[in-house]
Amino acid sequence: MAEPIQPLDPATMVRSPGLTYQQLLDQDTRPVPAVLREESPKLVPDVAISVERYTSKAWHDLEVERLWRRVWQFACREEEIPHPGDHIRYDIAGLSFLVVRTDKGEIKAFPNACLHRGRMLKEFDGRASELRCPFHGFAWHLDGAFKEIPAQWDFPHIDCANFNLPEIPTATWGGFVFINPDQDCEPFADFIADLARQFERWDLSKLYKMAHVARIVPCNWKIAQEAFCEAYHVNGTHPQILASLGDINSQVDVWENCARVISPSMTPSPLLGDDVPSEAVVRAMLDLREGDPTPDLGNQMPRAWQAAMAREALRPAAGDLVDEYCDAEMVDNLDYTLFPNFHPWGAFNRIVYRFRPNGNDHRSAIMEAIMLAPFQGERPPPAKMMWLGEDEPWSKAYGFLGRVFDQDVFNMPKVQAGLETTYMKTIYLARYNEAKVRWLHHKLGEWVEGKV
C-alpha cells in the first residue's frame with residue numbers, strides 16, 4: 001500500500017528564503033479572497049518514480065486500460081457544440097469518442113464506433129441530423145437511439161429495440177464538457193469537488209474560447225505536462241523572466257484530485273537576491289529590449305502598477321468585474337491541475353492546458369494551450385483548433401507567451417532522450433517546489449498500479 005500524503009504546517013515547513021506568497025498578498029491594494037488565503041501544503045511521499053513510466057510501452061498500455069478508460073477527462077467546451085447535431089470527436093490514447101448535442105439540447109457521448117462492424121461513425125467535428133455509419137449505412141438518432149438498418153430483414157438476430165449506441169457518462173463544469181469511458185465510474189461531482197470549490201469565485205463558463213493551439217511534441221505526455229507543473233525550472237529554462245517571477249517562492253497546494261502552483265508575478269526570484277530594482281522587474285515582465293523606455297510607475301509598486309494596467313486593458317471586455325478582483329488575481333499565475341491532465345488557470349489568467357498521448361505512441365504527446373477571454377454582449381464564436389507543424393514555434397500563435405512555451409518544448413525531447421539512455425532506475429523530485437509533480441505520480445500510481 002502506498003504511503004499516504006501528509007499535511008504540512010505552513011508556519012514551520014521548509015520553504016524558500018524571502019517573502020512567502022502570503023506575505024506578498026499582505027501588500028495587495030485590495031481585499032484578497034479566501035481562495036488565495038487558503039494553504040494546503042502536503043508532504044507527498046518519496047514515491048520511487050520509475051523511468052519506465054516514460055519509456056515503457058507496457059506502462060503506456062496499463063495507462064490506457066486503467067486510467068484513460070476509467071477516468072473523468074476534459075473533452076471539449078460546451079460552446080463548441082451549441083446546436084442540435086453539433087458533435088466533437090475526442091481521441092485519447094488510441095480510443096475515440098463522440099460528444100454530441102441532441103435534439104433536446106442535451107450533451108451525450110458515445111464510443112465512436114458503429115455497432116455493425118466497428119467503423120468510425122464520424123471522422124471529423126461538425127453537424128449532422130443523425131449518426132450514420134459511412135460503411136453500410138447503419139444509423140442512430142442524435143441521442144444514440146436506434147434509427148434504421150438497410151435491409152433490416154437480413155438481421156433477424158438483432159434486437160432493434162435495444163440496439164442503441166452505448167452511452168458513456170458526461171458532465172459539465174465551467175463551460176467544459178467531461179466524459180468518462182467507464183459506465184460505472186464515480187460521480188463527477190465527487191471527482192471535481194476540490195477544484196469546483198476553488199473556482200467558485202471564477203466562473204469560467206462566462207468566458208469564451210478565444211484561441212486554441214495544439215502541437216505534437218516528441219516525448220511522453222507526462223514529460224510535456226510536468227514542464228507546466230512547477231516553477232522550479234524557470235532559473236534554468238526561462239532566465240529572461242527571473243527578475244519578474246517569484247519562481248521558488250511559489251505556493252504549492254495539494255488536495256485529493258487537484259493541486260495548484262501559484263507563482264507570484266511582478267516580484268523577483270529569490271535566486272537574484274534582495275537588490276533587484278523595480279525597473280528591472282517591469283522590464284523583464286514587459287520583455288523590453290535594450291534602449292526601450294521603462295514605464296513610469298509613479299509611487300506604485302510593480303505588482304500594483306501591473307494590476308492597474310491589466311484592469312484597464314480588460315475593462316472593455318470584463319466590465320466592472322475587474323474592480324472586484326485583487327492585484328494578485330490580475331497578475332499572478334494561478335495554475336491548477338485536475339488529475340490527470342486538465343490545467344485551468346484561475347481569475348483572468350485565461351490559460352487552459354491539456355496534455356494527451358498522441359495515439360498509442362508512448363514517446364509522442366499532444367500539447368494544447370487554450371485561451372479563454374471575457375466578453376460583453378453576444379458570445380463570440382469559439383476559436384477553431386490551430387495545429388502547429390512539428391517545427392513551427394509556439395510564438396507564431398502566442399507571441400511572448402509562445403516564446404516561453406518554445407523554451408519548454410525545446411527541453412521535452414531532450415528529457416525523453418535522456419530517460420531512454422540513463423542508468424538511473426528512478427527520477428528524483430524536490431519535496432516542495434515539485435510537490436505537484438509528486439502528487440500527479442502518486443495519483444497515477446493509485447490508478448495504474450491497481451489501487452483505485
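Points worth noting:
- Flag for E52 being free of Cβ contacts under 8 Å to residues at least 12 places away in the same chain, of a type in the set (D, E) and surrounded by fewer than 17 Cβ atoms within 10 Å (Cβ to Cβ): yes
- Only residues that are of a type in the set (G, A, S) and more than 18 Å from H141 (Cβ to Cβ) were counted across the range 89-125, and they come to 4.
- The set of residues in the range 402-452 being aliphatic (A, V, I, L, M), under 21 Å from P7 (Cα atoms) and assigned to a helix (DSSP H, G or I) consists of A435, V437, L440, L444.
- Listed conditions (1) at pLDDT 95 or above; (2) in contact with a Lys or Arg (Cβ under 8 Å, 6 or more places away or on another chain) are all met by L314, apart from (2).
- Annotation note: of E256, E279, E329, E290, the sole residue that is surrounded by fewer than 20 Cβ atoms within 10 Å (Cβ to Cβ) and either touching a residue at least 60 places away in the same chain (Cβ under 8 Å) or of a type in the set (S, T, Y) (or both) is E256.
- Hits in the range 359-370 - residues which are of a type outside the set (G, A, S) and in contact with a Phe, Trp or Tyr (Cβ under 8 Å, 6 or more places away or on another chain): H362, I366, M367, E368, I370
- For the range 53-72, the count of residues that are in contact with a Phe, Trp or Tyr (Cβ under 9 Å, 6 or more places away or on another chain), assigned to a loop (DSSP other than H, G, I, E, B) and polar (S, T, N, Q) is zero.
- Any hit, the range 382-397, residues being farther than 14 Å from H212 by Cα and among the aromatic types (F, W, Y): no
- Subset of the range 57-109 [touching a residue at least 40 places away in the same chain (Cβ under 8 Å) and touching a His at 6+ places or on another chain (Cβ under 7 Å)]: K57, H60, I81, V99, V100, R101
- Counting only helices (runs of 4 or more DSSP H) that fall entirely inside the range 192-258 and contain at least 2 residues that are over 29 Å from A318 (Cα atoms), the qualifying elements are 221-226, 234-237.
- Residue, nearest to N220 (Cα to Cα), within the range 40-49, restricted to residues that are surrounded by 12 or more Cβ atoms within 10 Å (Cβ to Cβ) and of a type in the set (A, V, I, L, M, F, W, C): I49
- Selection of the range 267-290 for residues being within 27 Å of Q251 (Cα to Cα), outside any helix (DSSP H, G or I) and either among the hydrophobic types (A, V, I, L, M, F, W, C) or in contact with a Cys (Cβ under 9 Å, 6 or more places away or on another chain) (or both) yields only V276.
- In the range 332-351, the residue that is surrounded by the fewest Cβ atoms within 10 Å (Cβ to Cβ) out of those that are over 19 Å from E39 (Cβ atoms) and of a type in the set (F, W, Y) is F342.
- For P17, the criteria (1) out of contact with any Pro (no Cβ under 6 Å at 6 or more places or on another chain); (2) under 30 Å from P270 (Cβ atoms) hold in every case but one, which is (1).
- Of all residues in the range 1-39, those satisfying the criterion of being touching a strand residue (DSSP E or B) at 6+ places or on another chain (Cβ under 8 Å) and buried (at least 16 other Cβ atoms within 10 Å of the Cβ) are I5, L8, T20, Y21, L36, E39.
- The listed residue being closer than 27 Å to N360 by Cα and either outside the structural domain of M412 (by TED's automatic domain parsing) or not basic (K, R) (or both), out of P156, P150, P181: P181
The values are calculated or read from the model by the stated rules, or taken from the named source; none is laboratory data. The structure displayed is predicted, hence computed values, not measured ones. Heads up, the Cβs are rebuilt from the backbone with ideal geometry, glycines too, and the neighbour counts pull from every protein chain shown.
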